[in-house]
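Take a look at the structure set out below.
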Amino acid sequence: MENDRARSSVIGSLHNSVLINVFLVLLLAVFFIVSSLNVKVHSKTLDSYIDDKYTLDRLNTLITETAESLLRLLVVETDRKYTHKNFLTILSQSEDFQAAFDQFYDATIKRKGISEQSLAREIEPVITELRRDIVKCVSLYRAGNIVAARNYYNKRLYGRTKQVRRFT
Amino acid sequence: MTHIGTIYMKKVVTIIVVLGFVIMGVYSAISLQKDDALVVLKVWGEKGASPGQFKYIEDFAFDSRGNLLVTDALNSNVTVFSTEGSVITTFAGKGKDDGHMEKPEGIAVAKDGTIFVADYLSGFIKKYDKAYQHVQTFSGFGEKPGLTSESEFMDFCPNGLLYMAEAGNHRVSVFKQDGSFVRWFGGYGTGEGQLNRPEAAKCDSDGTVYVTDLANHRIQVYSPEGEFVRSWGKEGTAAGEFRKPAGIAIDGSDNIYVTEIGNNRIQKFDKYGGFIYSFGKEGRLPGEFGNLHGIIVSQKGDIYVADTANNRVQKLRETKR
C-alpha cells in the first residue's frame with residue numbers, strides 16, 4: 001500500500017514538471033506565432049506608409065517644378081519662342097496634380113485608415129484651386145498682361161502652393 | 001493507471017481553472033478602468049450631398065434660435081439642424097453669388113444673431129442674417145494683416161470681437177463685427193505664444209482665448225488683447241498630451257473640451273489645463289471617431305462632435321452629471 005502511494009507521488013511529481021514544460025513549450029509556440037503575425041502586419045503598414053510618402057513626394061515635386069517654371073516664365077524669360085513650349089509644360093504638369101493625388105488617395109485606402117482617407121479628401125479642392133490659379137496666371141501672361149500675371153502669382157498662387165506643400 | 005490518470009486530470013483542471021481566473025481578473029481590471037465618461041445620445045449623418053448628409057464636417061455654432069449650425073467644407077454649405085438632428089435648412093453652398101462659399105470651415109454667431117462663416121479657400125468671411133441671408137463679405141486671401149490664409153475655427157468673445165485661427169498664416173486674427181480688422185497675434189514658431197497651424201480659437205466667459213496649436217500639439221491661452229497667458233500639452237497619447245488637437249469648446253463652467261485628429265478622442269480639462277477625462281478611439285461605431293474636427297457644448301451640457309471621417313455628428317452627454 002505504501003509502495004503504491006510512493007510510486008503515484010513520484011509519477012505525480014514527474015507529471016507536474018512534464019506539464020509545466022509542455023505548458024511553456026505551448027506558450028513559446030503561441031508567442032512565436034503571434035510575433036510572426038505581428039511582424040507581418042507591421043511590415044504591411046510600413047509598406048503602405050512608404051507608398052504614401054512616395055506618392056506625396058511625387059505630388060510635391062510636380063507642384064514645385066510647375067511653380068518654378070511659372071516663376072521663371074513671369075520673371076526671367078521674355079523670348080516668345082521658348083514661352084509657348086513652357087506654357088504647354090506648365091499646363092500639362094498641372095494636369096498631373098490630380099493623378100498624383102489620386103495615387104496618394106489610393107494608398108490611404110489600401111491602409112484602411114479612416115482618418116487618413118478623410119484628411120486626404122480635404123486637400124483635393126485645394127489642388128483643384130491651385131490648378132485653376134495656374135491656368136488663370138498663364139492666361140493673363142498669354143494675353144500680354146504680365147504685370148497682372150505677376151501680381152496674381154504673388155497674391156494668390158504663391159500662397160496656394162504653400163497650402164498644398166504643407167500637406168505633402 | 002487509473003489513479004495516475006486521475007492525478008493528471010486534476011492537475012490539468014487546476015491549471016485551466018487558475019488560468020481562467022487570471023484571464024477574468026485581467027478582463028475585469030480593464031473593464032473597470034474603462035468607465036466611460038460620456039454616453040452617446042444620438043448619431044446622425046452619412047456621406048452625400050443631400051440635406052442632412054455630409055462630405056467633410058468642420059465646425060459648429062448655435063444660432064439665435066438655439067439651432068445647431070454645421071459647416072461642411074466639401075459640400076460648401078452650412079446646414080441648420082435642430083438639436084435632435086432634424087434638418088431645418090441649408091445655406092451658402094457652391095455658386096458665383098456673394099452668398100455662396102467654396103470651402104466653409106469656421107462659423108460663429110454674434111450677440112445680435114448675425115452668422116459669420118469663414119471660407120478656407122477664398123479667405124473671405126461672409127455675414128448672414130438670422131434668416132440665413134447674405135449681408136456682407138469682408139477680408140480675403142493673403143498674408144497681410146486683415147487678410148486670411150487657411151481660415152479655420154473662430155468665436156465671438158464677450159468683448160464682441162471675432163477671433164479667428166489662421167492655419168496658413170500661423171496666427172489668430174481679430175475683427176470687429178463690421179468686418180474691420182483689429183489686430184493679430186501668434187506668428188510662426190514653437191516658443192511661448194507662437195503658433196504652428198492653429199486650428200481653432202474659442203473664448204471662455206472672461207474673454208480668455210484658447211487656441212488649438214495643431215502642429216505644436218498643445219493648447220495655448222491668450223488674454224483678449226493677445227498676450228500669452230499659459231499653454232499645456234505636448235505630442236503624445238497619454239492623458240493631457242495631444243496629437244493634432246483640432247476643435248475646442250468651452251462649457252458654461254469654463255471647462256475646456258479638445259478634439260484630436262491624431263488620437264481620435266475628446267479630452268476635457270479645467271480652465272488651467274488640469275486633466276478631467278478622455279473619451280473615444282478610432283472606429284465606425286457610436287462613440288468611436290475618425291478625423292475628429294469641431295466640437296461644441298450646449299447650454300444643457302450636451303456635447304456635439306464632428307466625426308468627419310464617418311460623415312456624421314455625434315451627440316454625447318457626460319455619464320456623471
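The values are calculated or read from the model by the stated rules, or taken from the named source; none is laboratory data. The model shown is predicted, which means the values in this text are computed figures rather than measured ones. Glycine gets a Cβ as well: all are built from the backbone with ideal geometry, and neighbour counts include every protein chain shown.
Below is a table of values for the structure above.
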{"quantity": "Residue tally, condition crowded, with 22+ Cβ neighbours inside 10 Å, among the polar types (S, T, N, Q) and in a loop (DSSP other than H, G, I, E, B), over the stretch B:163-179", "calculated": "1"}
{"quantity": "Failed item, numbered, when B:PHE289 is tested on (1) within 14 Å of chain A (Cβ to nearest Cβ); (2) hydrophobic (A, V, I, L, M, F, W, C); (3) under 23 Å from B:GLU166 (Cβ atoms)", "calculated": "(3)"}
{"quantity": "Criterion (more than 26 Å from A:ASN151 (Cα to Cα) and touching a strand residue (DSSP E or B) at 6+ places or on another chain (Cβ under 7 Å)) met by exactly one of B:GLY160, B:GLY146, B:GLY226", "calculated": "B:GLY226"}
{"quantity": "Selection within the stretch B:276-302 - part of a loop (DSSP other than H, G, I, E, B) and crowded, with 22+ Cβ neighbours inside 10 Å", "calculated": "B:GLY280, B:GLY290, B:ASN291"}
{"quantity": "Residue count for the stretch B:40-78, restricted to those that are within 14 Å of chain A (Cβ to nearest Cβ), surrounded by 15 or more Cβ atoms within 10 Å (Cβ to Cβ) and part of a strand (DSSP E or B)", "calculated": "7"}
{"quantity": "All helices (runs of 4 or more DSSP H) inside the stretch A:103-168 with 1 or more residues being closer than 25 Å to B:ASN311 by Cβ", "calculated": "A:114-142, A:158-167"}
{"quantity": "Within the stretch B:79-121, tally of residues that are in a loop (DSSP other than H, G, I, E, B) and not hydroxyl-bearing (Ser, Thr, Tyr)", "calculated": "18"}
{"quantity": "Residue check, B:SER151 hydroxyl-bearing (Ser, Thr, Tyr) and in contact with a Gly (Cβ under 7 Å, 6 or more places away or on another chain)", "calculated": "yes"}
{"quantity": "Complete set of residues in the stretch A:121-138 that are acidic (Asp, Glu), over 19 Å from A:ARG150 (Cβ atoms) and more than 7 Å from chain B (Cβ to nearest Cβ)", "calculated": "A:GLU124"}
{"quantity": "Residue among B:GLY168, B:GLY226, B:GLY191, B:GLY186 that is farther than 22 Å from B:VAL297 by Cα and without any contact (Cβ under 8 Å) to a residue 12 or more places away in the chain", "calculated": "B:GLY191"}
{"quantity": "Exclusive hit being surrounded by fewer than 17 Cβ atoms within 10 Å (Cβ to Cβ) and modelled with pLDDT under 95, set B:ASP97, B:ASP129", "calculated": "B:ASP97"}
{"quantity": "In the stretch A:132-151, residue nearest to B:MET101 (Cα to Cα) [restricted to those that are crowded, with 20+ Cβ neighbours inside 10 Å and of a type outside the set (Val, Ile, Thr)]", "calculated": "A:ASP133"}
{"quantity": "Spans of strands (runs of 3 or more DSSP E) in the stretch B:205-258 with at least 2 residues more than 26 Å from B:PHE175 (Cα to Cα)", "calculated": "none"}
{"quantity": "Residue match in the stretch B:148-162 (condition: outside any strand (DSSP E or B), small (Gly, Ala, Ser), out of contact with any Phe, Trp or Tyr (no Cβ under 8 Å at 6 or more places or on another chain) and away from chain A (no Cβ under 12 Å))", "calculated": "yes"}
{"quantity": "Yes/no for B:ARG317 being within 14 Å of chain A (Cβ to nearest Cβ) and farther than 15 Å from B:PHE60 by Cβ", "calculated": "no"}
{"quantity": "Hits in the stretch B:96-136 (condition: acidic (Asp, Glu) and within 15 Å of B:ASP63 (Cα to Cα))", "calculated": "B:ASP112, B:ASP129"}
{"quantity": "Selection from the stretch B:138-147 of residues that are away from chain A (no Cβ under 14 Å) and without any contact (Cβ under 8 Å) to a residue 40 or more places away in the chain", "calculated": "B:PRO145"}
{"quantity": "Any hit, the stretch A:103-120, residues being touching a helix residue (DSSP H, G or I) at 6+ places or on another chain (Cβ under 6 Å), crowded, with 16+ Cβ neighbours inside 10 Å, closer than 24 Å to B:ASP72 by Cβ and away from every other protein chain (no Cβ under 14 Å)", "calculated": "yes"}
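Residue by residue, here is whether (1) under 18 Å from B:LYS271 (Cα atoms); (2) within 22 Å of the chain's Cα centre (by Cα) holds:
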{"site": "B:PHE181", "(1), (2)": "no, no"}
{"site": "B:GLY186", "(1), (2)": "no, yes"}
{"site": "B:ALA201", "(1), (2)": "yes, yes"}
{"site": "B:ASP206", "(1), (2)": "yes, yes"}
{"site": "B:GLY236", "(1), (2)": "no, yes"}
